[in-house]
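Here the structure comes first, spelled out in structure tokens, and everything after it is commentary.
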Amino acid sequence: MKFKYKAKTQEGEMQIGFVEAGDRDSAANILAGHNLFILSIESAEGKSWFENIASYFGRVKRKDMVIFARQLATLLEARLPLNAALRTLYAQTRQPVLREAIFQVAEDIDAGLSFSQAMDRQGDVFPSFYVEMVRAAEITGNLNEVAGFLADYTEKEGILASKASSALIYPGIIVGLFIVVGFIMVTFVFPQLLPIFQQSNVQLPIYTQVLLSSGTFLGKWWLLVLVVLVGLVILALDYARTPEGRAMVDDAKIKLPLLNKVFLPLTISRFSNAAVLLVHGGIPVAQALEVMGHMVGNVLYRDILHEIAEKVRQGRLLSQSIEEYPEYFPPLVAQMVAVGETTGKIEQIFIRLGNFYSREADTVTNNLVDLIQPLLMVVIGVMVGLLFAAIIIPLYKLTSSFGS
């Protein structure tokens, strides 16, 4: 079997790679024999579709993560030691997957791992954003502030997602019903009318011919079509989990006209908030940029921030480097950062940028939610009209021919 591992050398350098072994323990022994300190090790063979479905239903919900981060921040603010705080959270948590993850994190910390390393080993539960934020907090020493920020940020994202999902429930039901009724009409009802039209020599419009031909095909092969569609969805989801697929999805979030209205301000907001924490902790700008690359949750920004960090190390100003990526950083960001560099108030500038783009993301999301419902209703109305016009018009011609 092939296993993917993440480990550190004795000099503290990070290593990520693959190792062949009979099982997980054997892979761990091989890595330990090379004097590597293992952070995580998992099978690279890929999960089966059944395991993916099971893991989806057993996943930790956003609400559980908000409660975890909020309670952790409260316990740390009360000066409770980290391990004691985790033991307390373990006793209070009811979600079984999260509860087990908290227990494993506490055990790994007792074994000598840092908090971020222990969380990284539970990557199925704790998002990489959480891990990198905690890693930054370990550098800056403000773990309780980071825990509070994670709770606020996760709660805010949860509110936005809840608004969107609530607004889409009614249109989703309507769309689903339309698809079911349309499939039944096209596949089983409309083809019954074809012999009538053929016997009467009625000239059918082109869209009616296409509709009836599609119905005849679906009537014979609907099961095959269904299997193919499900297979394509599964392949698309699996591809989205690969590095290439994730890069394509992240690129679409930033460049597609509608998606970028939401995801661009969200990403800039996350970038700015992370910058505030790191700059406040006294982290050098170049190093902070490297850390932020892992915190923004977008692989393209990770690479871009790495390039910007290299330019800053070479003596370029941060604002000048940001200006070279207008697709990913609006002009306002570079201009505000330039003001911060001139006045020496870069931290306050990032605070303002974070607040501004956070409000912009809220506004755009609310506007889109208000727009989606009537837009879907119009689209469905047009589709229903076309569906029935394809049959009603030939029927009208048929009755007219009988009348003459």
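Once the Cα atoms are used to define both axes, helix 24-33 deviates from the longest principal axis of the chain by about 40 degrees. Rounded to the nearest 10 degrees, the inclination of helix 96-110 to the longest alpha-carbon principal axis of the chain is 20 degrees. Only alpha carbons enter this Debye calculation for the chain, each as an equal point scatterer, and the log10 of I(q)/I(0) it gives at q = 0.08 Å⁻¹ is -0.61.
Quick check: the angle from helix 299-313's long axis to the longest principal axis of the chain, C-alpha only, nearest 10 degrees? With both axes taken from Cα atoms, the answer is about 40 degrees.
Loop-located trypsin sites (Lys or Arg not before Pro) in segment 317-361 (DSSP state other than H, G, I, E, B) with a sparse environment of at most 15 neighbouring Cβ atoms within 10 Å: Lys345. Seen from Pro331, the other residues with C-beta closer than 13 Å to its C-beta sum to a net charge of -3, counting Lys and Arg as +1 and Asp and Glu as -1.
Only helices enter the 222 nm calculation for the chain: every DSSP H run of n ≥ 4 contributes -39,500 (n - 2.57), and dividing by all residues gives -25500 deg cm²/dmol, rounded to 500. Applying a DSSP loop filter and a limit of 11 other Cβ atoms within 10 Å to the trypsin sites (Lys or Arg not before Pro) in segment 77-158 leaves Arg79, Arg94. Count Lys and Arg as plus one, Asp and Glu as minus one, and take only other residues whose Cβ is under 15 Å from that of Gln104; the net charge is then -3. Shown for segment 228-386 is the translational diffusion coefficient from the Stokes-Einstein equation, using the Kirkwood radius over Cα pairs, a temperature of 37 °C and a viscosity of 0.692 mPa s: 188 µm²/s. Summing Lys and Arg as +1 and Asp and Glu as -1 over all other residues whose Cβ lies under 11 Å from the Cβ of Val60 gives a net charge of +2. Distance distribution P(r), segment 300-404, all Cα-Cα pairs, bin width 10 angstrom from 0: 12, 24, 18, 12, 11, 9, 8, 5, 1 percent. In the elastic network of the chain, a GNM with C-alpha springs shorter than 10 Å, the most mobile of Thr342, Thr154, Thr74 is Thr342.
Read-outs throughout are calculated quantities, based only on the coordinates presented, and are distinct from any laboratory measurement. Fair warning: this is a prediction, and the values are worked out from it, not measured in the lab. Backbone-built Cβ (ideal geometry, glycine too); neighbour counts: all protein chains shown.
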